[in-house]
Each structure stands twice: as structure tokens, then as C-alpha cells.
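Comments concern the structure below.
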Amino acid sequence: MLLKDLFAVTMLLSIYGLLSATFFVAMDAVDVAFTEASVGAGISTLLLLVVISVTGRRERRVRHKPYAALFVVILTSMLLVFGTSDMPYFGSADAPIHNHVAPRYLNDSMQEINVPNIVTAVLASYRAFDTFGEVVVIFTAGIGVLALMSVSSKALSKSQPLNRPRGLYEQHLVIRIVAKTLFPFIFLFALYVQFHGDFGPGGGFQAGVIFAAAFILYAMLFGLDAATKVIKPAVIELLAALGVLLYGSVGIVTLLNGGNFFDYDYLLADPIAGQHLGILIIELGVGITVTCVMIMICFGFSLRRRAYEQKVAIRPKEGAV
Amino acid sequence: MFIGLANTWVAILLMMIGLYIVIAQGNLIKKIIGLTLFQTSVFIFYISMAKVEGGTAPIFSSDISIYSNPLPHALILTAIVVGISTTALALSLIVRIKEAYGTIEEEEIQGLDEEQD
Amino acid sequence: MIIAATLAIFCAMILAISRAFMGPTLYDRILAVNSLGTKTVLLIALLGFVMGRPEFLDIAIVYALINFISVIAVLRYSDSNQFKENSSENEPIGKER
Amino acid sequence: MVSQLPVLQVILPLMAAPLCLLLKRSTLVWLFCLIVSFLSLLISILLVQQVSTSGPIDYAFGGWDVPWGIGYRIDQLNVLLLIVITAMSSVVLIAAKESIAREIDPEKHVYFYILYLLSLSGMLGIVATGDAFNIFVFLEITSLSVYALIAMGRHRRALWASYQYLIMGTIGATFILIGIGMMYQMTGTLNITDLSVRLAELPQKRTILTAFVFIIVGVCLKLALFPLHLWLPNAYTYAPSIVSAFLAATATKVAIYLLIRFTYSVFGPSLSFAAIPLQTLFMALGLVGIFVASVTAIYQTNVKKLFAYSSIAHIGYMILGFSTGTVAGLTATLLHVFNHALMKSALFLALAAVMLRIGSVQLSSMQGLGRQMPWTMAAIVLAGLSLIGVPLTVGFVSKWYLLVAIIEQGNWVVAGLILMGSLLAVIYVWRIVEVAYFKEPATAQKGDVLEGAAGGSTEAPLSFLIPIWLLVGANIYFGIDTRFSTQLAQSAAQSLFGVSP
Amino acid sequence: MDLVISISSGICLLLGSFICVSGSIGLLRFPDFYTRMHATSVTETSGVALILIGLMILSPDLLVFAKLVMILLLGLLIGPTTGHVLAKAAYHNGLKPKLTKSGNEQSSVPSSERGGDISKS
């Protein structure tokens, strides 16, 4: 990473995301690849770009304190190589992980849960509480970003005082038309991913990211004001909370029905149907929260950026382009 | 021996590059990029261990008998989400730091802080 | 034949990556990333057939979409003021005491 | 419903957090949080009773048996931590309303309370869970919310402190993730009980040792053990006062819990202490930490920072007890976890009151405060005495147990050094006493004092004095009547040695 | 019948991958941004189309076929659009095509250095 241009580094990170996702496909981890593609190459690149557009793209000067860092890194890597030299070889079927807990998931989940995508079964039923934690993590991040970035409405005047040139996109016809034709398709696809997660790769998280990406695309092309008109930020906040609550309420209902937390067998009379219903609802909760939090984060960044640009523009230094 | 663990060691190499960037770089955004790299490499490490020779993706199909281990996949899905959440929060901190200090270079920020003391 | 195509796409990806590394301009990189994304879509589609489970083409679709969105995003934000060299601010904006 | 207590303990604040968004009004949200927090306290008290009568409680999520699903396991060690966390959170929250109104913009109050509840539930989740990966997830919930909470401080340095903490914390969490991955690789399980069984019978030790080292380093980063403590002072100093009080009372305690849980329950003392010279290392680090941090504390001009360094020193005491590897030493550590939470929350809450009234916690601006805010300053003095370890306070009890444990091992030098460390504590506490009681009140307010906090600073409001004196009272009560705390700590320590092979 | 299928798909795949590789070589070897762009965008569309058609012939069921068609449509829609936008953005921001042999590769005037050389550190 000797590049000084943060922009180039971001591009390379996006490539890294794409490549690692491809690697995950080659390693049979299709769900992970799905997520990594949309997160590593999509959302995180997007966020980095917004931030770089605020902070400036160039690193000031290269200043390394390489010796301490090198020492730590070499020590750690030696330890890691030492530790991994004992590990079972790559792909060997008699490694402990393939023989202790996982066989039950592979062999019995069809009878117990009847969801062909075993990763979904593990994620949403066997380890549903981890996934609940995951949703809460993303909710936390959303609230944290809001707490840090929210601009009071007073500070942000609605009419943009700085006379920005009409950006590339305000005048770009081709891309707007193409995007417009794409939107219905993207939403349809997101819905497919959301509800097809039981049978193939996908699920609430991935669908949420796709939804959010479509929405962010809309905001980028048609402006933030238009986007906030479609969904008010306050509504998004509420929906994000609602998603978490929806997920949790499944657990509460199972509690009230006399089962343990997230024991979907108690949702309906038929345990298998109960499992299906439970997984459906919690995936919906995940989807809603992820969509809203991603939109929330991107809006937060963009609004802050606009406020920042306004402040910059007020200064006598060369303001608008 | 070398073939059998090559995957793991490549993951370790990537991890260490990431860790080095986090520690050595002075630019806050680059630190975050290093952190992302570090985390993603750990994901690679996890996913590598889930692979079974001859297995396919753990999605049930009646004519397939060997699947890769689904549990690490489920764990890493969670971990990816955790990673992006951390990144988002860190980036929002960076924006605030830029607003408050006017720079995102570690050294300059520390200099500004010492000035104030 | 599928395997040959996979390898060819793989080579093409390597070439694209080296262009992304070399730059030299911003747009070269964007172009390289975009072209890499397209090739990744193909690679994933091909890999599905190589591994005998072509059901997982959803991932390829996601790639295509994400690729599109990220190129748009790159161009959108490369349009911003801060990307110019001389407009990086040196003084704090928010007076936070 | 009784059998569901373990999950309710965590789920209650977790579900309450998003509900806060619906309430909107700051006061309402505060009241709601307070109720939730006290309910959790109630649940943890019930859990203490239940565990002490009928032994550890197991709880299986989703009805899946443990190695396959996620299980909670509440034993004597967990309940100790649960009760400390919930009690501290509840007491601190009483004072939150006034303090927050002063230090945080009104439109962010709701976010503050949500993040507060999330960090609370994250900590509870870490403590209650019996699944290694679940620990990681809840660790991240806590960490993310705490980063955001710290960054809400008024000073711009809060941002920088939060960023540093984020980098360190994320590296630590990722290290823990690597360690968990290696353990999983070798055993195929994530459940802690199952792990301990399968790790013990494993022939190859190299990977396990590496996993152990990674987890320990990761936990120590979170713990702010001496050479890895750099993030802590700034984070505690520039965070909003309430957050400082809450964190000082709970965050490092959770990390100590993780350390104990991993060394004793997962890896087992035979592997943890035999394979690496961990005991000697920790003893040395603990001692150096005590001295370096105490000496640094003496030179601080910001009282919050002073106590932050003192926290690092006290982590040193806890690590010393831990490093003995005996029941007595572990009892001392756990007792100190309990007692230190009492002292530090009292001190930081009192500082929050000072912040509320005079808008600064610089030592120089506290001149003559003993006359202006007699009750608050008296609380600081009493809690400070407890920090030193004066008899009849909790500080004395835990130091006494620590000394006994160390002398039991015949380690007189270390015992002497601990006493010297306490002398250093006398110096830094005295500095505050001197300024507050023996200097005339500053006539002209300093520039760095917030506007509106001018001149005649008066006593803190009752909403502060009640929790502060509750804590000070606890400091003295548990210093005299030590049955409750020592019994909790002792049974926890014994259970660890009983369980492990 | 099988033979016909495998031969036709093989031809499509081979042609497609050849086109893709040649496009990438162009991306690497051509002298400036616009020529590189020309190389990739022209070849990419046809290469993607050919490879996907090759796979479509092989597809075992209708769902896979439909997904491949979707990818193809997306590719045909997105590829040219991004190319168009990219070229326009580059030109808009002052990146001049390299016209003569002696011309500097980054012939942009310093004031509009947005797209200028950065990475030569």
C-alpha cells in the first residue's frame, strides 16, 4: 500500500472485495460470497468514497513508524505460522470440524427444519441468537452513526446556498433512463433474494443490502432531496427499530407459548411449519433493519457532507467550483 | 505439508499486511482500510477451513452427499456484518475528526492536541 | 471447454488487476475495476458450471448490479470539490471547543 | 417463567433499546431506561438467589441442545458480574438525566440512551453466554455502542480518543476471532463447556497454544492491561461524565471476566499456566502497571484522567490476584472487581456532579470546592480513601485478601510492593483533597469553564447526591459487612477450581 | 444432439473468452485512457454475450436459463452505459486524448488536475 492516493486505494480495496468473494464461491461458501460481494465491493466502497470526498483524497505525506509495526507483525505472523502448522490440512474430511457438530446440521436439518439451504438453517434456527446479535450490531452502528453525524435541521438550510454547478448526473440523461429501467428489476430481485433464502444463497441481509443499494443509487442520481422525499429519515429510523423488534418478538412469542427463546417449534402446531414461519419472519426483520440502517448511514454521511460543503463555501477561500 | 496449509498461510500473509497497515500508517482512512483487509483475511481463514475435498455448497440437493461445513459460513456471515458496522462507525468518526481538527493525519492530530495542553 | 474459458477469464482478470494497479489516471482505475467486475460475473457463472451446481447464478447478478452502482458512485463522488488538489481545508470547521 | 430468567436478563435491555426510538421525549426515555435497568437488576438478584440455591443454570436457545445451538450457562462467576453490571448501570442512570442535559445536545438524548442500553445488554450478553462466538458478537455490540458513546463527549478529543479505542478494540476483537477460529478448527465446537472437555483430550497443543495467546492478547487489549492501556485514559477522560462512570465501573470488569473464563473454564489452568510462563508474566505486568499508572496519575492535572490512570493501576491489582492461580488469589480478584466497581462509579459520578456545577474537572478549577460542594467532595474523599485501601472501606477488604493470597505463596516482595503502590494512591488522592479543602476558591473563573456555570457553584442536585451517597454507603457497608461480597467471590472462585480438571 | 450442444457451446465459450482476453490485453497495452476504454468496452459486450450464450446452451433447467438471460440483459444494459458515463466524465474533467506521439499522456492543464496523475509516488 504505497499509493498515496486514497482514491486508488479504495478502488483496490473494492477489487480485493470482489476477489475474496470469488474465492468464497470457489470454497463453496455461496452465502458468504453473496454478502461479501455486496458489502466488500459495494457498501464499504461507497462509504469510503463519501468519506474521501469530505476529507480529501490525498494523503499528506508518507510517514512510517515501521520498526515497531514490523516487529509486532513479524511476531504475530511467526506465532500464527507456528500455530497453524499443527492444523488439519486444507480440505481433509477427517478434520474435527467436519466430524463433531456440523454433521448434525448436514444430516438432520432437513428433518428438523426442512430448509434446503443449510446455512440459512444454521443461521436462522440453530444459531438464531447470533443472528439476532448481528442485527443488533448493525442497529447499533446505525444509531452510532446517527449520534455522531446527525445535523440539526436548523444547520442545514433546505435551499442550497452554494451555487453548485449542475453535477454530471443532473444533466446525464442516459444514465438516468437506464437506472430508471433498472429500479423495478432491482427491487424484484431483492424480493427474490429475501424470500428465496431458504432454497438458495441469499436471505434478509443480502436482500437488505440490495434494497439499500437501489435506494442509494436513486439518491445519487436524483439528489438527496428527492430521496428524502420518498422516505423521510425519521421513518427510516423507526423502521430500523421495527426490524429489530420484529426479530425479537418472534422470540418473545415463543417464550409466551412455553418454549425457549427462538424455539420456533412453538410458533405453530406443526413444528416444521413453525420453523418455516419463524425463519421467514426473522429474515424479514433482518431485511428491514439492514435496508434501513444502510440507507440511514448513507444519508447521514451525505447530509453531513452537504452541511460541510456549505460551511466550506461560506469561507472566503475559493468556494464553489 | 506446504500444499496442505498453503491456503491458511496466504490468509496469514494477507492478515499481516492488513495489521501492518493499521499499525504503521498515519492516515486514518488507510488505517480503516487496513482493518478491513485484516478482517476480510480472517474471513478467508475461516472459510478455508470449512471446505471439504469433493464437497459442494451446503444447499441440500437429493443427489449430492458431501457438503462443505456450513457452520463457518454462518459465523462469517455474522462477522462480515460486524465488520461493515465497525467500518461505518469508524468512517463517521473520521468525518467528525476532519471537521474538528481539519486533518486526518495521526501525527498532525496529536500535534494539535499537544499544542492545546 | 468450460474450464478453458474459466482459465481465459482468469487471465483476463489478472491483466485488468495490473491495469488497476498501474493507473495512471483515476479513470483508468475505474475502467479496470469495471472491467474486472464484468469478468468476475462471468467467472462466477462459469465456476457454477465447473462445480456442477449452476443454481448459484444469483451471486453473478448481484455482482453485475453492485458493479454498476459502484461505478456510478465513484463518478458521482469524483465530481466533488474535495477531489481537487487545492481545496483540502487545513483548519477545523466545527468549533468544538 | 423462572427458567427463562437467563435470557430475560439479556433480552430485556436489548429489546428495550429500539423501543426507545418510539418514545422520542428525553425524559420519558430516561425513565424507561431507568425502569429497564432496575428490572435487570431485579432479574440478576433473582439469578443470584437461584444459583446459590440450585447451582448453575443452563439455558438452550431455540431448544437446541448445546453443542449445536447457543446455550447460556449461568454459574457463580457469571452472577457476580451480572449483579455488578446491572447494579452499576442502574445507579449511574439515576444521575444521567441532569448530566446528559448539560453535556449532550437535546436532539441526541434518545440516541444516547439507546446506545447506553445496547452497551449494557452487550456486557450482560458477554457475561451470560456459554458460546465462544456469541461472546464475539456481544463484544462487538458493546464495543460499537461504547465507541459512539465516548465520541459524544463535548471536547473534540473525545473523537480522537474514540477512534483510537476503535482501532485497538477492533484489533483485539479480531484477535479473539482468530483465536476462536483456531479452537474451532481443532475441536469442531464453539460451546465453552464442550470446548473445555475436547481441548483437554487433544493430543496436539501447538494450535491451541496459539489460540490461547491470541485470545489473551485480544482480551488484554480490551482490558487495558499495562502495555496495552494507551486507549483508556483518553477514552475515560473525554467521554461524557455518565459514560465514564458507567465504563469505569463495568467495561474492564467484563474483560477480566473474559480473561478468567478463558483461562480457567475453556483452556483449563493446567494448559493456561503450565505451557507459558503466564503467571510470572502477568505478575510482572501487574506490578509494573500499578507503579507506572500510579506515578502517571500523580502528575495529571485533569482529575478524570487521574482516576483513569488509577483504574489502570487497579487493573494491575486484579491481574496480580489472578496471576497467583490459587483460590485465594482469584477470590481477591473477584472481590476487587466488585469493590473497584463501587469505588470508581462513586468517584466518577461525583466528578460528573462537579462537571455539572463548574463545567470542568481540571484540578485547578476545583480549588476550594470542599466548601462549595461539601457533600460531593466528601464523597470523593471517602471513595478516595477506599481507593487507597483504608480500613473500614471496601478497598481495604480486597487488598487484604490480595495480600493474604500473595503471602500465602510466600511472595513477600510482591506484598511489599503492593503496599507501596497504595502509598502512591495516597499521594494522588491527597492532591485532590489539598486543592479542594485547603485552597481558597478561585476568584476568576478559568477560560475553559463552560459558560453558564459561572461563579457561585452550589451543591449538586439530589439526583446526583442520592446515587453518589448510595455508592459511598455501599463502599463503607461492604467494607464492614463483607459477608455478601466475599461469599459471592469465594463461591465463584471455588466453582472455577471445582469445574476445571 | 449432445454433440451439437457441446460443440456449439464450446465454440461460443472459446470465442467469448478469446474476445475477453484480447480486450484485457488491450486494456493493459494501449497507450491512453480512451483507447483502453475502446478496447474493453467493445470487446466486453460481445465477449460477455458469447460466453453467456455458451452457458445458456448448457443450462440444465429453465431457472438457470432465465438467470443467465437476466445477466446477459444486465450486461448489455450496464456495460455500454458505464462506458458512456466514464468517457463523458473523463472528458468533462479535462482528460485529453493522446493524439500525437509526442504528446504527454497526462496532457491536462494543471488547474483541472482532477483526473490527473496521482499514483506516481
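The values are calculated or read from the model by the stated rules, or taken from the named source; none is laboratory data. Since we're looking at a predicted model, the values are computed, not measured. Quick reminder, even Gly has a Cβ in these numbers, built from the backbone with ideal geometry, and neighbours come from all protein chains shown.
Brief remarks follow.
- Residue that is surrounded by the most Cβ atoms within 10 Å (Cβ to Cβ), among those in segment A:193-239 that are of a type in the set (Gly, Ala, Ser) and within 9 Å of chain C (Cβ to nearest Cβ): A:Gly202
- Taking segment D:209-225 as the range and being surrounded by fewer than 24 Cβ atoms within 10 Å (Cβ to Cβ) and in contact (Cβ under 8 Å) with a residue 60 or more places away in the chain as the test, the residues that pass are D:Leu209, D:Val213.
- Unique match (being under 15 Å from the mean Cα position of the chain (by Cα), part of a helix (DSSP H, G or I) and facing chain E (nearest Cβ under 7 Å)) among C:Ile69, C:Ile61: C:Ile61
- Every listed requirement among (1) within 14 Å of chain D (Cβ to nearest Cβ); (2) hydroxyl-bearing (Ser, Thr, Tyr); (3) over 30 Å from the mean Cα position of the chain (by Cα) is met by A:Tyr67 save one, (1).
- Every listed requirement among (1) more than 17 Å from the chain's Cα centre (by Cα); (2) under 30 Å from A:Asp108 (Cβ atoms); (3) in a helix (DSSP H, G or I) is met by A:Gly259 save one, (3).
Here is a yes/no grid of residues against (1) more than 9 Å from every other protein chain (Cβ to nearest Cβ); (2) modelled with pLDDT of 85 or more:
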{"residue": "D:Ile167", "(1), (2)": "no, yes"}
{"residue": "D:Thr193", "(1), (2)": "yes, yes"}
{"residue": "D:Pro203", "(1), (2)": "yes, no"}
{"residue": "D:Arg206", "(1), (2)": "no, no"}
{"residue": "D:Ala211", "(1), (2)": "no, yes"}
{"residue": "D:Ile215", "(1), (2)": "yes, yes"}
{"residue": "D:Cys220", "(1), (2)": "yes, yes"}
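- Complete set of residues in segment E:5-62 that are within 17 Å of C:Leu43 (Cβ to Cβ), of a type in the set (A, V, I, L, M) and touching a Lys or Arg at 6+ places or on another chain (Cβ under 8 Å): E:Leu27
- Being modelled with pLDDT of 85 or more, more than 30 Å from A:Pro116 (Cα to Cα) and facing chain E (nearest Cβ under 9 Å) holds for only one residue in C:Leu75, C:Leu7, C:Leu42, and it is C:Leu7.
- The number of residues in segment B:57-91 that are crowded, with 24+ Cβ neighbours inside 10 Å and more than 7 Å from chain A (Cβ to nearest Cβ) comes to 6.
- Within segment A:70-125, the only residue that satisfies the criterion of being of a type in the set (Val, Ile, Thr), more than 12 Å from chain D (Cβ to nearest Cβ) and in contact with a Phe, Trp or Tyr (Cβ under 7 Å, 6 or more places away or on another chain) is A:Ile118.
- 2 or more residues over 26 Å from D:Ile208 (Cα atoms) and touching a Leu at 6+ places or on another chain (Cβ under 8 Å): qualifying helices (runs of 4 or more DSSP H) within segment D:262-326: D:278-298, D:303-324
- In this structure, D:Ala96 does satisfy being touching a residue at least 24 places away in the same chain (Cβ under 8 Å), more than 8 Å from chain A (Cβ to nearest Cβ) and of a type outside the set (S, T, N, Q).
- Residue among D:Ala151, D:Ala161 that alone is among the small types (Gly, Ala, Ser) and more than 10 Å from chain A (Cβ to nearest Cβ): D:Ala161
- Here A:Ser249 fulfils each of the conditions (1) in contact (Cβ under 8 Å) with a residue 24 or more places away in the chain; (2) facing another protein chain (nearest Cβ under 10 Å); (3) surrounded by fewer than 22 Cβ atoms within 10 Å (Cβ to Cβ) apart from (1).
- Comparison of A:Val115, A:Val119, A:Val54, A:Val73 shows that the only residue that is among the β-branched types (Val, Ile, Thr), out of contact with any Ser or Thr (no Cβ under 6 Å at 6 or more places or on another chain), surrounded by 22 or more Cβ atoms within 10 Å (Cβ to Cβ) and over 23 Å from D:Ile70 (Cβ atoms) is A:Val54.
- Identity of the residue in segment B:8-49, in contact with a Lys or Arg (Cβ under 8 Å, 6 or more places away or on another chain) and among the polar types (S, T, N, Q), that ends up surrounded by the most Cβ atoms within 10 Å (Cβ to Cβ): B:Asn27
- Restricted to segment D:344-410, the set of helices (runs of 4 or more DSSP H) holding at least 1 residues that are surrounded by fewer than 23 Cβ atoms within 10 Å (Cβ to Cβ), of a type in the set (Asp, Glu) and at pLDDT 85 or above comprises D:394-408.
- Complete set of residues in segment D:394-429 that are among the aromatic types (Phe, Trp, Tyr) and in contact with a Gly (Cβ under 6 Å, 6 or more places away or on another chain): D:Phe396
- Residues in segment C:1-40 that are in contact (Cβ under 8 Å) with a residue 12 or more places away in the chain and under 11 Å from E:Leu28 (Cβ atoms): C:Ala12, C:Ala16, C:Ile17, C:Arg19, C:Ala20, C:Ala32, C:Ser35.
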